[in-house]
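Here is the structure we will look at.
The values are calculated or read from the model by the stated rules, or taken from the named source; none is laboratory data. Predicted, not measured: the structure shown is a model, and the values here were computed from it. Methodologically, a virtual Cβ is constructed for each residue, glycine included, from the backbone with ideal geometry; neighbour enumeration extends over all protein chains shown.
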Amino acid sequence: MKTLALLCGLGWLATGGSTGAAGLAERLPAQPCGIGSPAADRTWWEPWAKTPEAATAMKHAEDWLAKPMPPFDAARYLDYSTNGDRTRYQTQHSQRWDRLKCLVLGECLEDKGRFLAAIDETVGSLCADPSWLLPAHDRDTQVFKGGSPYVDLVVATNGYQMALSAWLLDGKLPAATVGLMRENVARRLTGPVLATIDGTASKPVAAGHWWAKADHNWNAVCTAGAVGAILTSEPSRATRAKAVEWAVGNMGVFLSGFAKDGYCSEGLGYWNYGFGHFAVLAEMLRTQTGGQVDLFKQPAVRRIAAAPAQLEIFKGIYPAFADCALTARPDSRLLQQVGWQLDQQAFSGSAAGVLAESAQLYQTLTDLLMRRDARAGAAKPAAPLPLRSWFAESGVCVVRPARPGGLAAAWKGGHNAEHHNHNDVGTTVVVWQGRAVLADPGAMVYRAETFSRDRYRLPVLSSFGHAVPVVAGTLQAEGATRRGQVLRSDFTDASDTLVIDLASAYPDCGLRKLERQWTYQREGDASLVIEDRFGFDHPAAFATALVGFGDWYLVQAKERAARFVIDGGHGAVLQVDVEFSAAGGWDVRRLDNPDKPTANRLGLALAAPAAEGFIKMSVIPCPAGVPATSTKLAATSVPEKLSDPRRAP
């Protein structure tokens, strides 16, 4: 009943007629097919081959032609199980599959046979790999050791790329090579997924496909890759129709993971990845069913598609909440695709621009197909951003100045069981002079610990790595009940005020009250005040923090007040005036984040336990720069891992 409700809710059949796989089969192509057209169809490929961007794609292919195929390295594969490292293997793995993509695209554009031998070699090497999984997803290395294959993110996406390559080059590659490609896709990808769809998969394989019921990026990415490969290679129309029906149900679950306000708690990078694959799947299903299956007709899609633009704090700067790169922003190509899919908006820029980019082969062809079918024209002017964007259900707010170039900010309540969660209820980002000076430190390079029971022993992922309180020496707890409850909001053109209750994030700390108030004033270059007010059953320690990218300086200090500045570089200097309810102190801790920018945490604490009190932080621009009389504060390192995920170091 749940699946039926999802199908009906999605409006998956745009017009009347038979529903379900039986009625859908007759609408699918008689033969399996991929995106675009095979390389032999020169009327499709020659216009792309003549574009300037095609020269860049050809250069990528020629570069790989001049380099040997990186070998499969079993020692690298076993890194994860021996020392938790993911990077060494994944880097080489990506290079191996990138070689296939670039060579196949080069051959489709040129059609001279120059790349076929290298493609044949690449296919042979990839098909000899004991596992197509990422080691982090291979439970106890069972697939590597010869166990039944199942599907993860890269099996889905790379397997789809292999299936598509076989379809594109059928008749050009040796028949034995095409057969090898299809056999491997069937054994490693489409076969295990089809067995899961019809309920005949073994327990290990079915367990490996947990993502079909997940409400986050895994579902969209794996479903898009698996169903794309099935539509490209499966001869039976009825089987393909079952896969389409299954995909539609999966996408109902995927969309349910977004908040009703459209916010993606996984972060912008995962919006690009997950929703980007949703868009690929939607276009694939729309094309192959003649418009009968249209995933974009679900009302939630419009809110989800619109949300990223509303997260822009200032000129390309977005909050790095959750596991997100500091530089993450909505993918411009995806935004154009979505604009066309939702509203038939004209594409702008070169239709062949995607050829020069290093996307997956199916993403490249999807973009080309949509641009061929869509109207070309001038880009629709972006609507001016409002003074604020308030995602009420998610507790995320972005505030912007009235005067261009003024201080802007973002903050969040949310909860501590979000997808790719950081324990960060109450965190704050402040942008000045085009830089996120006070910021969320963003994601770490993934290792075994990143998604283990030790996740919140890693300081950058714990609340110690965010601009939030430390209560009685205790950090925030994880869980959906650990949330910022909105108590009051007051939004006007002159100022924005939001008050949230943070107490639930700090259980068993003897709290009677813990409220954080943000007050953003738009006068002049704008300013932000963050005030934490607390009450305990018995006197206890209380502290809070600001996290930023730059050096901290002490300008002046009194018993119950202090002035600091943080130099974010390139003239981006902020002044922070701190007021304590009693005598206070401070320290600076360096949040080391290997292979990522290092943030510095200004800790602010009451000097003695108190039954109640406050710490108030006023943030204003400092155009004059760092005062000459200030003192640079030395930063000490935080331990690589906390001894206790709930105790501050």
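Check whether at least one residue in region 369-388 is surrounded by 24 or more Cβ atoms within 10 Å (Cβ to Cβ), out of contact with any Pro (no Cβ under 7 Å at 6 or more places or on another chain) and not β-branched (Val, Ile, Thr), and report yes or no. Checked region 369-388: no residue is surrounded by 24 or more Cβ atoms within 10 Å (Cβ to Cβ), out of contact with any Pro (no Cβ under 7 Å at 6 or more places or on another chain) and not β-branched (Val, Ile, Thr). Of all residues in region 578-630, count the ones that are of a type in the set (Val, Ile, Thr), closer than 30 Å to Glu523 by Cβ and not in a strand (DSSP E or B). Qualifying residue count for the region: 2.
In the condition set (1) at pLDDT 95 or above; (2) in contact with a Ser or Thr (Cβ under 7 Å, 6 or more places away or on another chain), Val626 is compliant with all but (2). Among the residues of region 20-35, count how many are at pLDDT 95 or above and within 20 Å of Lys172 (Cβ to Cβ). Number satisfying all stated conditions: 4. Against the list (1) among the hydroxyl-bearing types (Ser, Thr, Tyr); (2) in contact with a strand residue (DSSP E or B) (Cβ under 7 Å, 6 or more places away or on another chain); (3) without any contact (Cβ under 8 Å) to a residue 40 or more places away in the chain, the condition Tyr263 fails is (3). At least 3 residues being within 28 Å of the chain's Cα centre (by Cα) and either at negative phi or modelled with pLDDT of 95 or more (or both) is the threshold, and among the helices (runs of 4 or more DSSP H) wholly inside region 36-136 those reaching it are 52-65, 79-83, 87-110. Annotation note: of Ala224, Ala229, Ala206, Ala163, the sole residue that is of a type in the set (Gly, Ala, Ser) and more than 26 Å from Leu109 (Cβ to Cβ) is Ala206.
Quick one: would you say Tyr318 is in contact with a Ser or Thr (Cβ under 7 Å, 6 or more places away or on another chain), among the aromatic types (Phe, Trp, Tyr), at negative phi and in contact (Cβ under 8 Å) with a residue 40 or more places away in the chain? It is false that Tyr318 is in contact with a Ser or Thr (Cβ under 7 Å, 6 or more places away or on another chain), among the aromatic types (Phe, Trp, Tyr), at negative phi and in contact (Cβ under 8 Å) with a residue 40 or more places away in the chain.
Scanning region 252-266 for residues that are under 28 Å from Val398 (Cβ atoms) and either assigned to a helix (DSSP H, G or I) or of a type in the set (Asp, Glu) (or both) yields Phe254, Leu255, Ser256, Asp261, Glu266. Does Thr190 satisfy the criteria of being without any contact (Cβ under 8 Å) to a residue 40 or more places away in the chain, touching a helix residue (DSSP H, G or I) at 6+ places or on another chain (Cβ under 9 Å) and in a helix (DSSP H, G or I)? For Thr190, the condition - without any contact (Cβ under 8 Å) to a residue 40 or more places away in the chain, touching a helix residue (DSSP H, G or I) at 6+ places or on another chain (Cβ under 9 Å) and in a helix (DSSP H, G or I) - is not met. Note on region 61-93: residues that are surrounded by 14 or more Cβ atoms within 10 Å (Cβ to Cβ), free of Cβ contacts under 8 Å to residues at least 40 places away in the same chain and either polar (S, T, N, Q) or not assigned by TED's automatic domain parsing to the domain that holds Ala163 (or both) total 1. Considering the conditions (1) modelled with pLDDT of 95 or more; (2) in a loop (DSSP other than H, G, I, E, B), Gly17 is excluded by exactly one of them, (1). Is it the case, given these coordinates, that Thr287 is over 22 Å from Gly225 (Cα atoms), among the β-branched types (Val, Ile, Thr) and surrounded by fewer than 22 Cβ atoms within 10 Å (Cβ to Cβ)? No; evaluated as a whole, the condition is false for this residue.
For every residue, the table says whether it meets (1) closer than 21 Å to Phe534 by Cβ; (2) touching a Cys at 6+ places or on another chain (Cβ under 6 Å); (3) of a type in the set (D, E, K, R); (4) not assigned by TED's automatic domain parsing to the domain that holds Glu515.
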position: Ala557; (1), (2), (3), (4): no, no, no, no
position: His570; (1), (2), (3), (4): no, no, no, no
position: Val576; (1), (2), (3), (4): yes, no, no, no
position: Ala599; (1), (2), (3), (4): no, no, no, no
position: Ile615; (1), (2), (3), (4): yes, no, no, no
position: Lys632; (1), (2), (3), (4): no, no, yes, no
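Matching residues to (1) closer than 18 Å to Glu559 by Cβ; (2) within 29 Å of the chain's Cα centre (by Cα):
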site: Arg601; (1), (2): no, yes
site: Ala610; (1), (2): yes, no
site: Lys616; (1), (2): yes, no
site: Val619; (1), (2): no, no
site: Ala624; (1), (2): no, no
site: Ala628; (1), (2): no, no
site: Ala634; (1), (2): no, no
site: Val638; (1), (2): no, yes
site: Leu642; (1), (2): no, yes
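Summed over region 134-160, residues that are under 21 Å from Gly106 (Cβ atoms) and either among the β-branched types (Val, Ile, Thr) or outside the structural domain of Arg99 (by TED's automatic domain parsing) (or both) total 1.
Of the candidates Ala136, Ala186, the single residue that is small (Gly, Ala, Ser) and under 20 Å from Ala243 (Cα atoms) is Ala186.
Put simply, of Gln517, Gln575, Gln521 the only residue that is among the polar types (S, T, N, Q) and farther than 20 Å from Gln433 by Cβ is Gln517. The strands (runs of 3 or more DSSP E) found wholly in region 459-564 and carrying at least 3 residues that are of a type in the set (A, V, I, L, M, F, W, C) occupy 485-491, 495-501, 511-521, 527-540, 542-548, 551-557.
Within region 193-203, the set of residues being closer than 19 Å to Ser236 by Cβ, out of contact with any helix residue (DSSP H, G or I) (no Cβ under 7 Å at 6 or more places or on another chain) and without any contact (Cβ under 8 Å) to a residue 40 or more places away in the chain comprises Gly199, Thr200. For Thr497, the conditions (1) closer than 22 Å to Thr481 by Cβ; (2) without any contact (Cβ under 8 Å) to a residue 40 or more places away in the chain all hold with the exception of (1).
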